[in-house]
1. Any residue at all in segment 203-216 that's of a type outside the set (S, T, N, Q), without any contact (Cβ under 8 Å) to a residue 24 or more places away in the chain and either within 29 Å of residue 139 (Cα to Cα) or assigned by TED's automatic domain parsing to the domain that holds residue 326 (or both)?
2. Say we look at segment 234-272 and pick out the residues that are surrounded by 18 or more Cβ atoms within 10 Å (Cβ to Cβ) and in contact (Cβ under 8 Å) with a residue 60 or more places away in the chain; which of these is farthest from the chain's Cα centre (by Cα)?
3. Can you tell me which residue is farthest from residue 572 (Cα to Cα) among those in segment 14-71 that are among the polar types (S, T, N, Q) and either in contact with a Lys or Arg (Cβ under 7 Å, 6 or more places away or on another chain) or part of a strand (DSSP E or B) (or both)?
4. Checking the condition in a loop (DSSP other than H, G, I, E, B), among the aliphatic types (A, V, I, L, M) and either on the phi < 0 side of the Ramachandran plot or not assigned by TED's automatic domain parsing to the domain that holds residue 369 (or both), which residue from 437, 466, 407, 495 passes?
5. Name the residues in segment 530-565 that are over 22 Å from residue 270 (Cα atoms) and without any contact (Cβ under 8 Å) to a residue 40 or more places away in the chain, would you?
6. Note down all Cβ pairs under 7 Å where the first residue falls in segment 56-78 and is in the same structural domain as residue 166 (by TED's automatic domain parsing) and modelled with pLDDT under 90, the second is surrounded by fewer than 20 Cβ atoms within 10 Å (Cβ to Cβ) and basic (Lys, Arg), and they're at least six residues apart or on different chains.
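The values are calculated or read from the model by the stated rules, or taken from the named source; none is laboratory data. For clarity, every value in this text was computed on a predicted model and none was experimentally measured. Neighbour counts are summed over all protein chains in view; Cβ atoms, including those assigned to glycine, are modelled from backbone coordinates with ideal geometry.
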Amino acid sequence: MTLETALKQYFGFDSFRPLQREIAQAVLDGEDALALLPTGGGKSLCYQLPAMLSPGLTLVVSPLIALMKDQVDALTANGIAATFLNSSIDGDAAAARLAALDRGEYHLLYVAPERIAVPGFLERMRGWNLRHIAVDEAHCVSEWGHDFRPEYRRLTALREAFAGVPVLALTATATERVREDIERFLALRSPTRFVGSFNRPNLRYSVFEKHDAVTQLVSFASARAHESGIVYVSSRNMAADLAVKLTQAGIEARPYHAGLTPQQRTRNQELFIRDEIRVVCATIAFGMGIDKSNVRYVVHYDVPKNLEGYYQETGRAGRDGLPSDCVLFFNGADAAKQRYFIRQMPNVAERTQAERLLRKMLDYAAMPECRRAFLLSYFGEESPYRTCGNCDNCLQAPELVDGTLAAQKLLSCLYRVRAKSGFSTGAHHLVDVLRGATSERMTEWGHDQLSTYGIGKEYTKEQWLALVSELLRAGWIEQEDARRTLFLTSDGLAALREGRSIRFALPRFVKKKRKQKASERVLVAGDDELFERLRELRKRLADAAEIPPYVVFSDATLRSLAAQKPSDAASFLAVSGVGEVKLERYGEAFMATIAEFQAA
């Protein structure tokens, strides 16, 4: 059987994604390899296909316990014998699976890295005819990666015990230094490097100024009420609070964070995977273990610490190739908060590195040019175009303004407020001084006597706050974390004295709730009403089998079914995403629904 034949028979696809075939062939040829493919780029297929074409067992090492079950469910749905061993199963289940492994009943076994250190495990593996080793999320082996896990360093014992077994290391994001660490710590032998494009054309990148953020989020999600989304936040309390507010607005949501019990986290994740709820509001602890292909949007409610984490998290949208949104809510106060946390780091080298990474993240948030080109450049890839046509800046060029004079007024006002009172104030009071507002505090503190009082009436409060946000991002002012009061930095003081110029893009805000156009939701032309009926059928079949709906068929496959309307086995099998096992299991039910729709 060829790789192409197996691809269609087991997974229902007629063609490979970029580099999938080359990587799979390297595995079959017994070579060590390092594969860097973007999130959603189809890394799993690179070892799953060779496992089906080789006698014996493929071992997959992954830190993602939830993803193991997800992957095994999907493989089982495709008629592939796979299992996992981790802390989520009891002793009896583990014993039964070990016995089945002894009998050679599985093609793939998923384990966590800690399993390698379990006494006797490596010795028992010697009887399992191990043919391939795949190490997923391989960047975890490097201290220079964004998700270092010391237990990954123990995998050298696996290499030593099975020196002749080829190793495939996989990751979505890795700088050159991380790539070198992966090869060194996993003891890869003359590995071939496969570096895929980081470009995800179906993802739309946008940045909105955070202003009345809860209302913005509700409006954004309401316009996509029937779609799945992930909202990333920086705190547990915010995750819980936003989940409640979204649910109250009619969008079923649940939180996911380390403060919940393991049972609560598992339950909320299962509800999301099975389309029982639409949104998960989560800290960054969520998502790595999610293989859900129909996530239509990812919102970062708070600015991430670095572009590596941001890119990986946004990559959880649109895995099925359909158009999806990646939105960052941003204002300068978030930047100030992140800088505050960085300043608490005791290690100078770590602090310097964190500051460098945050600066790149902030540059992305404020840039007026193509965001996709910026991301590709960051990961060492040249953009194939000057404008991508699918980020906010390319779709509508931002309005650039010269903020030099306004910045001088604001910085001067901040300086004089502190000199007059001996303390700083928050942004709103500072703007009130500039606009000449009257209040009890203004009079009490004598700020109505300042030379800067009323010198900024030409701008609205919102415009001044946008400038505050920009100066926070630029590092000319900072915000004291607890009381949210502003103060001049050394850079800001120098900018005030030297009259430095500053030019920036006016911020965008989330528009009021609107219905999505069909062209924004789909790549495959098809009947929306039929698609919804097929989605309902998929949900019933998935619930009966106790598997996630996307394991039955992805949204992309449902769109193709709605467009092509197959009426017999041959035409049904010709649809992308339909393999022989799924034709046998689901073909009759889906074709009956299509026929009923056409007869109506």
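1. Residues of segment 203-216 that are of a type outside the set (S, T, N, Q), as a first pass: 203-205, 207-214.
With without any contact (Cβ under 8 Å) to a residue 24 or more places away in the chain added as a condition, the list becomes 212.
Applying the additional criterion that residues be either within 29 Å of residue 139 (Cα to Cα) or assigned by TED's automatic domain parsing to the domain that holds residue 326 (or both) yields 212.
Yes: one or more hits.
2. By that ranking, first place goes to 238.
3. If we filter segment 14-71 for residues that are among the polar types (S, T, N, Q), which is where we start, we get 15, 20, 25, 39, 44, 48, 54, 58, 62, 71.
Subset that is either in contact with a Lys or Arg (Cβ under 7 Å, 6 or more places away or on another chain) or part of a strand (DSSP E or B) (or both): 39, 54, 58.
Numbers: 39: 29, 54: 29, 58: 31 Å.
If we take residues in segment 14-71 being among the polar types (S, T, N, Q) and either in contact with a Lys or Arg (Cβ under 7 Å, 6 or more places away or on another chain) or part of a strand (DSSP E or B) (or both), then 58 is farthest from residue 572 (Cα to Cα).
4. Numbers: 466 fails: in a loop (DSSP other than H, G, I, E, B); 407 fails: in a loop (DSSP other than H, G, I, E, B); 495 fails: in a loop (DSSP other than H, G, I, E, B).
From the options 437, 466, 407, 495, the qualifying one is 437.
5. 531, 560, 561, 562, 563, 564, 565
6. 63/149
Residues checked against (1) of a type in the set (Gly, Ala, Ser); (2) surrounded by fewer than 17 Cβ atoms within 10 Å (Cβ to Cβ); (3) within 29 Å of residue 69 (Cα to Cα); (4) touching an Asp or Glu at 6+ places or on another chain (Cβ under 9 Å):
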{"residue": "536", "(1), (2), (3), (4)": "no, yes, yes, no"}
{"residue": "563", "(1), (2), (3), (4)": "yes, yes, no, yes"}
{"residue": "575", "(1), (2), (3), (4)": "no, no, yes, no"}
{"residue": "581", "(1), (2), (3), (4)": "no, no, yes, no"}
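So that you can scan it fast, the table gives a plain yes or no per residue for (1) part of a helix (DSSP H, G or I); (2) within 26 Å of residue 71 (Cβ to Cβ):
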| position | (1), (2) |
| --- | --- |
| 533 | yes, no |
| 541 | yes, yes |
| 566 | no, no |
| 570 | yes, no |
| 588 | yes, no |
